[in-house]
1. If every alpha-carbon in the chain counts as one equal scatterer, what log10 I(q)/I(0) does Debye give at q = 0.10, 0.12 1/Å?
2. In nm, to one decimal, how far is the Asn237 label point from the Thr158 one, both placed 7 Å along Cα→Cβ?
3. Going by how many other beta carbons lie within 10 Å of each one, how would you line up Ser377, Ser227, Ser94, fewest first?
4. Once you've got the GNM for the chain with C-alpha springs shorter than 10 Å, pick whichever of Gly15, Gly239, Gly70 has the biggest mean-square fluctuation.
5. Suppose each label sits 7 Å from its Cα in the direction of the beta carbon; what would the Lys24-Asp213 distance come out to in nanometres?
6. Counting each DSSP H run of 4 or more residues in the chain as -39500 (n - 2.57), what helix-only mean residue ellipticity at 222 nm follows after dividing by all residues, to the nearest 500 deg cm²/dmol?
7. Which FRET efficiency value, to the nearest 0.05, do you get for Ala189 and Asn268 by plugging their Cβ-Cβ distance into 1/(1 + (r/R0)^6) with R0 = 22 Å?
8. Please give the FRET efficiency for Asp357 paired with Ser38, using the beta carbon to beta carbon distance and R0 = 45 Å, rounded to the nearest 0.05.
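Quick note: the coordinates plus some simple rules give every number you see, no bench work behind them. These figures come from a predicted structure and were not determined experimentally. Positions of Cβ are generated from backbone atoms using ideal geometry, with glycine treated the same way; all protein chains shown enter the neighbour counts.
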Amino acid sequence: MLGKTVTVIGAGPAGALAALTLKKHGLSPALYENRGGSPTPADLPVKPFWDVGGSVNLHGNGLRALERLGLLDQFLANSGGFASKLVFMLMDGSDPIFRNQKASRAGEYPPIQILRNTYHRVLMSEVEKAEIPVFLGKKLVVATQTEFNVTATFADGTSVTSDFLVGADGINSTVRTSIFPEAKHPIRAGAGFVGVFELGFTPGSNVPPLGFDNPVGVYGDPLSGNSLYTVHCPEDNAGAFVLMQMRQPEDEEDPDWLPYEDLPKEANRLADNVAEWGAPPSVTNAVRYAKRITPIHMFDLPDMKALHKGRVLLVGDSGHGTFPTQGQGLCQAIEDCAVLHNLLVAFPDFANGAYPDVFRLYDEIRLPRVHFIAESSRAVMTHMHASSRVKMRLGRFIFRLILGVRNTFGLNDAILAYNCEDDVSKALERYRRERAPASK
Ligand SMILES: Cc1cc2nc3c(=O)[nH]c(=O)nc-3n(C[C@H](O)[C@H](O)[C@H](O)COP(=O)(O)OP(=O)(O)OC[C@H]3O[C@@H](n4cnc5c(N)ncnc54)[C@H](O)[C@@H]3O)c2cc1C
């Protein structure tokens, strides 16, 4: 027998994982994704809709949550292994400050390095195995709900009505604007470029094989606010970079993760910019000879007061997208799903009446965490900029001191060592206590 139906809007990392989580608990989810509509002959050869972007950060907190969802091994097998060290440098590669990323306690994991398209491909193959229907080229235009169901209407004029709806349609979510019209809009606070290149590729006899001097590094110029994140993804035979600039984007239109069509022209222009910033040749070459570069805008969603309303739940960036400065976008989406999973374990009668309690507990557990992550991501954004050389030196001195103490004593990091199950247990205990009959 089919379980209650759930329309999931957006088949990105949050939507696909939410659908898998719901299916595990006997519900019947279906994914509706804007990308990948019917291609015209000009679009051939057709690439899978997830074949976009650069790399994603899968930190220890996200890996723990994936483990809880029974998916950790699939991702470990497709990554280049753990990254035990991250180096923060000035733009020319000088003044390195190291962050030890090794796990210091049982159950913790160092981060893994993986391309977003690899991560997404693995996830979508799990969706296929779970026989979850996926409808592509379906752009949600509005979602409405009654006491009994939710209706999603798409740009092609079709609509679907289901028992529940999950909004996983990213930072510029239409589910959010439909169901939470009172919510503030995301703030745009910078522009960036995400790129991928083939590791070890030799573009010419006078250019060394492509690869960064620091496989996992952050190059920053606090005086200009420009920064660069570099990573090797050995399993994908790739390197990836993110260039961030704290300025308004040249193009006011949201580019929606569309890669540059005229790659050689844009890659040369960006590589020249990066060379002017003073970045080392390993970085400028990676940019110049990248095989895909995508312009992006950086958004920050003001803190939401709730992640659910009635029969609708938000997961991932739609409910809490923020700056990429802590690299937590994907991990927070995974934590959302792990918490949902734990709550569905605790409330097997979710679909037959317990859903308001599950959604309320989801908010109680997730809101403090995602607000904390957003606050720290905003703080890093602020610290990436210094108004004078003296302030820059002082900032780096303090940062070196903090990381030195953390590295030496293996201190826990409130973001990376987080285990969402602790918060679920506390919330469930509270819930049961509040409902326990008062003792005489
Ligand atoms: C194409 C793309 C590439 C990205 N590449 C990177 C990257 O390289 N590195 C990185 O750190 N982060 C990247 N991100 C962001 C990153 O995936 C998220 O921050 C994080 O993983 C949380 O995922 P999410 O599923 O909540 O949001 P998203 O990843 O933004 O996924 C949202 C999904 O919803 C779909 N969608 C949006 N609006 C509608 C609508 N109206 N109707 C139906 N579907 C809709 C989108 O097409 C997308 O597939 C990318 C996002 C996108 C959309």
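1. Summing over Cα pairs of the chain leads to -0.72, -1.04.
2. Each label point is offset 7 Å from its Cα along the Cβ direction, giving 3.8 nm.
3. Working: Ser377 21, Ser227 25, Ser94 10.
With the fewest neighbours first, Ser377, Ser227, Ser94 line up as Ser94, Ser377, Ser227.
4. Of the options given, Gly70 has the highest mean-square fluctuation.
5. Each label point lies 7 Å from its Cα, and together they span 4.4 nm.
6. On the way: 12 runs with 158 residues, N = 440.
Using -39500 (n - 2.57) per qualifying helix, the result is -11500 deg cm²/dmol.
7. Details: r = 27 Å, r/R0 = 1.24.
E between Ala189 and Asn268, to the nearest 0.05, is 0.20.
8. Values: r = 42 Å, r/R0 = 0.93.
Efficiency for this residue pair is about 0.60.
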